[in-house]
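These notes are about the structure you will find just below.
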Amino acid sequence: MKEKIKEQFKQRFGTDCVTYASAGRINLIGEHTDYNGGFVFPGAIDKYIMAAININGTDKVRVYSMDMDAYCEFGLKEEDAPQEQWARYIFGVCRETIKRGGIVKGFDTVFAGNVPLGAGLSSSAALESCFAFALNDMFNDNKIDKFELAKIGQSTEHNYCGVNCGIMDQFASVFGKKDCLMRLDCRSLEHEYFPFHPEGYKLVLLNSKVKHELVDSPYNKRRESCERVAATLGVETLRDASYTMLADVRDKISDEDYRRARYVIGEKQRVLDVCDALERGDYETVGRCMFETHDGLSRDYEVSCEELDYLNDVARECGVTGSRIMGGGFGGCTINLVKDDRYDNFIATAREKFNAKYGHEPEVINVIISDGAHKVED
Ligand code: ADP
Ligand code: MG
């Protein structure tokens, strides 16, 4: 990819360039925990957005997207974001950097990527983080701290793309490290690296390619349930709740709220258990926790759907070590930890059975935990 981008840059702009990249991400465990003050556990993957960049001595940014085969330019003093969605991410990153007192000068860039779009791997965060990192390196002597780079990406989504996301995706893309997952405490925003190098296993996503749009926002309803239980318990978020506390208020809350809270409390503990297991290199426990998360999301939190439950069932039948829904639910991917010798059979079976039942094959996306935002050396 690097050679292709550099060649395209040379053709279009005729100057030398520097290359940067940032990654998409997975979240191994810790779902619907962010707004409950809990933990998430993401890692950057070997799927990137890569950009060749050079300062152009003007106050304009000139961008060519290889994947969209489209060109766009915008001024750095302009308030109006470009029409093209893909260019708004870059525009937003420039604006948000300037807003924070960072320096941005005119530049030329050609970029491309291989993070699947809209599959739940956060190609948008990869795009933002790539440019946030590049602007920091090229114009700001790397003085903007890494957490601020993640926030530049997050604010870009909020202010220029209409997506009210949390910080996890950009955090993972900026902070990602090869063979490491990161436990992010969504309350204190502290993070810690844990080794993830599953020798003898593969990590593979199956994208169901379905998305069920529901009438009244289930996401908001889940949040409200959690807030109601926290209020009944007299704690700020469910981060501070335990099973015992929940049992004490059982007759004061609805059965539905009870089950929602039971999932969140369990999930908080599972992230911690997975971290302990990884320190021992115990991937069987990691897998067990993934299955438990799936069951919790499906039965207690009720954010699964038929297609994802089916993929999870197939995983169990094929002796997969761990499998669960990844992301908010109601569609998207499952993430699977599979022993090498079970992998071929699992993939073949999942393709065949899913296709027979739903009329299309799931998309197979193999991932390796890799570095996040970085300068690509020549
Ligand atoms: P995701 O879950 O992958 O982040 P989003 O809808 O949030 O999905 O972001 C996808 C958008 O990001 C695309 O519509 C496009 O505007 C931009 N994008 C992602 N990857 C690329 C790419 N390789 N080239 C151009 N734009 C991209
Ligand atoms: Mg996105």
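The values are calculated or read from the model by the stated rules, or taken from the named source; none is laboratory data. Predicted, not measured: the structure shown is a model, and the values here were computed from it. Note: ideal-geometry Cβ built from the backbone for every residue, glycine included; neighbour counts use all protein chains shown.
Residue-by-condition table, conditions (1) farther than 20 Å from Met326 by Cβ; (2) touching a helix residue (DSSP H, G or I) at 6+ places or on another chain (Cβ under 8 Å); (3) without any contact (Cβ under 8 Å) to a residue 40 or more places away in the chain:
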| position | (1), (2), (3) |
| --- | --- |
| Ser123 | no, no, no |
| Ala126 | no, yes, no |
| Met138 | yes, no, no |
| Gly162 | yes, no, yes |
| Met168 | no, yes, no |
| Phe175 | no, yes, no |
| Leu189 | yes, yes, no |
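Looking at the structure I just gave you, is Glu292 part of a helix (DSSP H, G or I) and within 30 Å of Tyr35 (Cβ to Cβ)?
Numbers: part of a helix (DSSP H, G or I): yes; within 30 Å of Tyr35 (Cβ to Cβ): yes.
Yes.
I want to confirm something. Restricting to the stretch 244-289 and keeping residues that are polar (S, T, N, Q) and not in a loop (DSSP other than H, G, I, E, B), which single residue is nearest to Pro42 (Cα to Cα)?
Filtering the stretch 244-289 down to residues polar (S, T, N, Q) leaves 244, 254, 269, 285.
Then drop every residue that is not not in a loop (DSSP other than H, G, I, E, B), which leaves 244, 269, 285.
Values: Thr244: 29, Gln269: 16, Thr285: 18 Å.
Looking at the filtered set, the residue picked out is Gln269.
Just name the residue that is surrounded by the most Cβ atoms within 10 Å (Cβ to Cβ) out of those in the stretch 117-144 that are over 26 Å from Gln11 (Cβ atoms), aliphatic (A, V, I, L, M) and near ligand 1 (Cβ under 7 Å from one of its atoms).
Looking at residues that are over 26 Å from Gln11 (Cβ atoms), aliphatic (A, V, I, L, M) and near ligand 1 (Cβ under 7 Å from one of its atoms), I get Ala125.
Filtering the stretch 127-164 down to residues that are among the small types (Gly, Ala, Ser) and within 25 Å of Asp80 (Cβ to Cβ), which residue is farthest from ligand 2 (Cβ to nearest atom)? Give the steps one after another, and end with the answer.
Step one: of the stretch 127-164, the residues among the small types (Gly, Ala, Ser) are 129, 132, 134, 150, 153, 155, 162.
If we keep only those that are within 25 Å of Asp80 (Cβ to Cβ) as well, we get 129, 132, 134, 153, 155, 162.
Numbers: Ser129: 11, Ala132: 15, Ala134: 19, Gly153: 10, Ser155: 14, Gly162: 11 Å.
Out of the qualifying residues, it is Ala134.
Only one of (1) of a type in the set (S, T, N, Q); (2) under 21 Å from the mean Cα position of the chain (by Cα); (3) exposed (fewer than 14 other Cβ atoms within 10 Å of the Cβ) is not met by Asn114, so which one is it?
Asn114 satisfies all of (1) of a type in the set (S, T, N, Q); (2) under 21 Å from the mean Cα position of the chain (by Cα); (3) exposed (fewer than 14 other Cβ atoms within 10 Å of the Cβ) except (3).
Does Gly332 satisfy being outside any helix (DSSP H, G or I) and crowded, with 19+ Cβ neighbours inside 10 Å? Before the answer, list the steps.
Numbers: outside any helix (DSSP H, G or I): yes; crowded, with 19+ Cβ neighbours inside 10 Å: yes.
Taking the combined requirement at face value, the residue satisfies it.
Residue by residue, here is whether (1) free of Cβ contacts under 8 Å to residues at least 60 places away in the same chain; (2) among the hydrophobic types (A, V, I, L, M, F, W, C); (3) surrounded by 23 or more Cβ atoms within 10 Å (Cβ to Cβ) holds:
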site: Val235; (1), (2), (3): yes, yes, no
site: Ala247; (1), (2), (3): yes, yes, no
site: Asp251; (1), (2), (3): yes, no, no
site: Ser254; (1), (2), (3): yes, no, no
site: Asp257; (1), (2), (3): yes, no, no
site: Cys305; (1), (2), (3): no, yes, no
site: Arg316; (1), (2), (3): yes, no, no
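With the condition kept exactly as written, say whether any residue in the stretch 206-228 is within 30 Å of Arg280 (Cα to Cα) and among the basic types (Lys, Arg).
no
Out of all the residues in the stretch 84-107, is one or more under 26 Å from Leu337 (Cα atoms) and either within 15 Å of ligand 1 (Cβ to nearest atom) or without any contact (Cβ under 8 Å) to a residue 24 or more places away in the chain (or both)? If you could, list the steps in order and put the result at the bottom.
Step one: filter the stretch 84-107 for residues under 26 Å from Leu337 (Cα atoms), giving none.
Taking every residue of the stretch 84-107 in turn, none turns out to be under 26 Å from Leu337 (Cα atoms) and either within 15 Å of ligand 1 (Cβ to nearest atom) or without any contact (Cβ under 8 Å) to a residue 24 or more places away in the chain (or both).
Of Lys60, Lys47, which residue is more than 30 Å from Val367 (Cα to Cα) and either charged (D, E, K, R) or within 15 Å of ligand 1 (Cβ to nearest atom) (or both)? Please lay out each step first, then the result.
Numbers: Lys47 fails: more than 30 Å from Val367 (Cα to Cα).
The conditions single out Lys60.
Among what's in the stretch 212-232 and is surrounded by fewer than 15 Cβ atoms within 10 Å (Cβ to Cβ) and of a type in the set (D, E, K, R), pick the residue that is modelled with the lowest pLDDT.
Asp216
I need the full set of residues from the stretch 92-126 which are of a type in the set (Phe, Trp, Tyr) and either under 15 Å from Met68 (Cβ atoms) or near ligand 2 (Cβ under 9 Å from one of its atoms) (or both), in order please.
The initial filter retains those residues of the stretch 92-126 that are of a type in the set (Phe, Trp, Tyr), namely 107, 111.
If the condition is that a residue be of a type in the set (Phe, Trp, Tyr) and either under 15 Å from Met68 (Cβ atoms) or near ligand 2 (Cβ under 9 Å from one of its atoms) (or both), then Phe111 is the only one that fits.
Matching residues to (1) out of contact with any Gly (no Cβ under 6 Å at 6 or more places or on another chain); (2) at pLDDT below 95; (3) over 30 Å from Glu224 (Cβ atoms):
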| site | (1), (2), (3) |
| --- | --- |
| Val40 | no, no, no |
| Asp46 | yes, no, yes |
| Lys60 | no, no, yes |
| Asp69 | yes, no, yes |
| Glu79 | yes, yes, yes |
| Arg95 | yes, no, yes |
| Gly102 | yes, no, yes |
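Testing Gly37 on (1) within 19 Å of the chain's Cα centre (by Cα); (2) surrounded by fewer than 24 Cβ atoms within 10 Å (Cβ to Cβ); (3) within 16 Å of ligand 2 (Cβ to nearest atom), one condition comes back false. Which one is that?
Every listed condition holds for Gly37 apart from (3).
Any residue in the stretch 356-366 that is part of a loop (DSSP other than H, G, I, E, B) and free of Cβ contacts under 8 Å to residues at least 60 places away in the same chain?
yes
Can you work out which of the residues in the stretch 162-205 that are closer than 27 Å to Arg342 by Cα and among the aromatic types (Phe, Trp, Tyr) is nearest to ligand 1 (Cβ to nearest atom)?
So the residue we want is Phe196.
Please verify whether Phe147 is out of contact with any Gly (no Cβ under 7 Å at 6 or more places or on another chain), within 16 Å of ligand 1 (Cβ to nearest atom) and hydrophobic (A, V, I, L, M, F, W, C), treating the condition exactly as stated. Explain how you work it out, then say what you get.
Working: out of contact with any Gly (no Cβ under 7 Å at 6 or more places or on another chain): yes; within 16 Å of ligand 1 (Cβ to nearest atom): no; hydrophobic (A, V, I, L, M, F, W, C): yes.
Considered against the rule, which asks whether it is out of contact with any Gly (no Cβ under 7 Å at 6 or more places or on another chain), within 16 Å of ligand 1 (Cβ to nearest atom) and hydrophobic (A, V, I, L, M, F, W, C), Phe147 comes out as no.
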